[in-house]
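Data block below; observations after.
The values are calculated or read from the model by the stated rules, or taken from the named source; none is laboratory data. Fair warning: this is a prediction, and the values are worked out from it, not measured in the lab. In this analysis, Cβ positions are derived from the backbone assuming ideal geometry, glycine residues included, and neighbour counts consider all displayed protein chains. Protein only, heavy atoms only, side chains kept; ligands, DNA and RNA dropped before computing areas. Shrake-Rupley method; radii C 1.70, N 1.55, O 1.52, S 1.80 Å.
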Amino acid sequence: MTESKSIREMSLLETVWELLDADDELSDEAKYVVIAALDSEDALSEQLGGGAVTHQRPDSTPEAQEPAGAFLREIRVAGFRGIGPQASLTITPYPGITVISGRNGSGKSSFAEALEYALTGQSYRWKHKAKLWVDAWRNLHQGDPCEVRVDFTTENGPKTSIGAQWSGGAELNDAQHWSQREGEKRQDGVDALGWTTAIEIHRPILSYDEIGGLLEREPSKLYDELDKLLALDEVQDAERRLNAEYTERRRPRKTARDALVALKKKLVSVDDERVSALTKLVRSRTPDLDAIAELVAGTNSSEHARVAALEAIAEKELPDINAAGLIAAGLRDSLASARTLADDAMRTTEQRSDLLQRALEFRSAHDDEAPACPVCGEGVLTVAWEHHAREAIAAEGSQLAMYREARRHVHEHEQSARRLFESLRDVARVEDTELYTLTAYRDAFGVASALPVAVEDLPSHIEANLPPVVEALAALRTEAASAMADLQDAWAPIAEEALEWLALERRARETDGTVKTIEEARTWVQENSQRFRAQRLEPISEGARAIWSQLRQESDVEISEIALEGKRTHRKAVLRGHVDGKPAGALSVMSQGELHALALALFLPRATSSASPFRFIVLDDPIQAMDPAKIDGFLNVLTDLAASRQVIVFSHDDRLATAIRQHSIDAHLIEVTRESGSQLVVKSADEPARRYVDDAFAIVADENVPEDVKRRACPGLFRFAIEAAARQVYFTRSNVDGQPQHDTEAQWAEAKSATACVALALHGATNADLSGWKSWRPHRRPAMTIATKGVHKGATIGKDDVRDLRKTVDDILEQR
């Protein structure tokens, strides 16, 4: 950071970038998160989601943002808040006091609200406004068109305008904001004017009702509002956004940690090999998730092998005894039928029939009509032989078919019987598990598996040896299922809980890196926010104490220190002071009026900083709850401010205007009244020039004032009235033309007479000829003569002379 530009003179974002650049310990990721958090929730979410590009440092060169010194010229409002048809509030655009008075409900504050909304746009003030205001922002009587236009004069620059407008049915935040310099194209928003940072730091508008009651609230609320006064809203919002993101994104880690604690508690009381292995794994500082997943899945545990073996036994299928009985009966019946048909004769017939069939096939395969017999070689297989052979085969075929069918049934039942026993399986011993029914089953299995050689013995073997196997297997299955359940009853819930924790831990590890970055950024913002606050608060605190010294009229409370201390739930604003020389908490001993005055003292130093491009201050109802002594002090403060600032005060009562009149303060008084249909009437109630006219008329009309006093006093009032009117015209014109304020004041100081003042106001030169202007209307020359020669020689003045003065003043003011 260069010495020529202090942090106080820089925008908040520039300051943050300077500090981030100088911080070598903070990671780049955390730096970008800080910048995104200062921007918006969307920017922060995008940055944390990995979708944001690296943020660019803002361009702080004068060409990028050159503030324009601005005076308020006019506010035009239609369809907004308490204003229906368009109403205009015109203000003299140069240093001085302007008081806009009107009863509650007159619509005067709608001008102030319209100015603030047009100037600040989506400001923090309106974001936190009560919902009632948001719902009633559009005028009920005439809400369309709905628009705000504010005109400014700027030093060394063209006239400037800003505005906001809403289409029919649009919501408050749907406004189209714009800005425009005279002779240039209209731009969206007000950024093109170079006021963005200035609005942030030197907010020139204050609703006194909004801040006046804050000093009565708890210290944390006052801390928050003073934070806003310091133009550090973005820092507060960044802290809130980072805290919210930190809380949300660390929730997976907290959930996983809580789940792990619960899991470890359950592991202590279980005696199981898998539990012991799991306990060892989860005790690691960074548990091996893959190893735990493998363990829980059971792929690396002897316990899993035991369970698998027991499960295989428990799920073995029992042989169907009924089906086995049918197989045995069927085999026995088939055997009996085959024995009946299978005697020697049948077998001989079968053999002869088979031989004849082959001989026929042999004869058919030769072309000769009578081939020799292939068996004896002597006989001849003639046609007659073929007929005879076929008749013999046909006669013997029926009996052979019955015999062959019986043999087929025997074979099929035998195969079914053998497959029945082949389906039985031996069961091996399960390691580390005692199955008491296993021996009985294995014995029964051994007997049943020893099949007889003769098929005739199979039915009896089935009936005798299969039921013991089924009975033993059923008992073994039950015992295996019970043993498996015992193993799973201890492990299953732990395995299930471990799986749930695994899922939580994996998710937590995905967010751990982001949480670390957020924590880095959050810590950095928290630590540096106090630095920002102290730097911004220091000049405000100094100025506030100085202003309080004037506002404290007849108050025994002296402010010695204003500080913001603590953070988060322990944050508080501390105002220390002395009461009659004894230390005391300032807020605890202040009256309502003193609290309001103190709130104002806190606001004004920031708005009147020399670095602010705004040459105006707007105060809405600042004197409520002030006693008369405080109002006098407040008027002194305004008078000091008005030497270099355009001070605009909206007030619902007449006490301030009365005090201005009583003390003959140079101020413009405007009245606002409200007619039916939200139609506002804005008129001048009192201007310095006209007030001098009224004073002159009062002296002339007062019969108790000696004539010699009138002769000496009234010419001076004539001069004051004409010079005040000329000053108002000249300063207005100069500021509208963009002439620097110090040049305007220097030229005005060269006007040493009423004539020179009028010449400067009307023609821009103190030596301009006014003879033609004086002669144009008959009342001008007499009034000017009294204001010049009469001041030195005295003059006899009547009511008609004062009327000439009034007309002359009106003529001059018409040139604004």
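Quick notes on this one:
- For the chain, the per residue solvent-accessible surface stands at 49 Å², with DNA, RNA and ligands left out and a 1.4 Å probe.
- Only helical runs count toward this figure. For the chain, summing -39,500 (n - 2.57) over DSSP H runs of n ≥ 4 and dividing by all residues gives -19000 deg cm²/dmol at 222 nm.
- With every protein chain in place, the chain: carbon and sulfur % of accessible area (1.4 Å): 48
- Sites matching GluC sites (Glu not before Pro) across the range 543-573 that sit in DSSP coil, with at most 14 neighbouring C-beta atoms within 10 Å: Glu554
- Estimated dipole of the chain in Debye, rounded to 20 [Cβ of Lys and Arg +1, of Asp and Glu -1, Cα centre]: 5040
- Using R0 = 35 Å, the C-beta based FRET efficiency linking Val268 and Arg507 works out to 0.85.
- The C-alpha atoms of the chain define a longest principal axis, and helix 458-551 lies at about 10 degrees to it.
- DSSP-defined antiparallel bridges as percent of all bridges, the chain, nearest 5: 70
- Helix 438-449 axis, angle to the chain major axis (alpha carbon atoms, nearest 10°): 40
- Farthest toward the positive end of the dipole of the chain, out of Gly105, Leu641, Ala136, is the Cα of Leu641, where the dipole comes from beta carbon charges about the Cα centre.
- Think of the chain as having a plus end and a minus end, set by charges on the Cβ of Lys, Arg, Asp and Glu; of Tyr94, Leu438, Ile540, Tyr94 sits farthest toward the positive end of this dipole.
- Accessible surface of Trp385 - all protein chains present, 1.4 Å probe, nearest 10 Å²: 60
- Long-range HN-HN contacts of Ala685 with modeled amide H, under 5 Å: Leu669, Ile670, Glu671
- Accessible-area value, Phe720, 1.4 Å probe, nucleic acids and ligands omitted, Å²: 110
- Accessible area in the full protein assembly, largest first, 1.4 Å probe, for Thr766, Thr808: Thr766, Thr808
- Förster-model FRET efficiency, 30 Å R0, Glu456 and Arg358, C-beta, rounded to 0.05: 0.40
- Largest-first ordering by accessible area, 1.4 Å probe, given options Trp195, Trp776, Trp17: Trp776, Trp17, Trp195
- Asp810 versus Asn243: modelled label distance in nm, points set 7 Å from Cα along the beta carbon direction: 6.3
- Out-of-range pairs (alpha-carbon distance over 22 Å; input Lys159/Lys683; Lys710/Lys793; Lys254/Lys516; Lys710/Lys799; Lys31/Lys516): Lys159/Lys683
- Extending 7 Å from Cα along the Cβ direction at Thr279 and again at Ala629 yields two label points whose distance is 7.9 nm.
- Length released on extending from Asn636 to Asn173, taking residue separation times 0.36 nm less the Cα-Cα span: 162.8 nm
- Between Arg777 and Asn156, the distance separating the two model label sites (each 7 Å from Cα on the Cα→Cβ line) works out to 3.9 nm.
- Ordering 651-662, 286-297 by mean Cβ neighbour count within 10 Å, with the highest value first, yields 651-662, 286-297.
- With R₀ fixed at 51 Å, the C-beta to C-beta distance from Lys799 to Ser40 puts the FRET efficiency at about 0.15.
- Annotation: extensible slack from Glu391 through Arg568 equals 51.8 nm (criterion: 0.36 nm per residue apart, minus Cα-Cα distance).
- Each residue of the range 708-717 was assigned a 3J(HN,Hα) from its phi angle through the Karplus curve 6.51 cos²θ - 1.76 cosθ + 1.60 (θ = phi - 60°); the sequence is 5, 5, 4, 5, 7, 7, 5, x, x, 5 Hz, with glycine and proline shown as x.
- The chain: angle of helix 628-641 to the longest principal axis, Cα-based, in degrees nearest 10: 90
- Stretchable slack from His792 to Asp556, in nm (0.36 nm times residue separation minus alpha-carbon distance): 80.2 nm
- Cross-link partners of Lys221 among lysines, defined as those whose alpha carbon lies under 21 angstrom from its own and excluding same-chain residues fewer than eight positions apart: Lys127, Lys129, Lys131, Lys567, Lys572.
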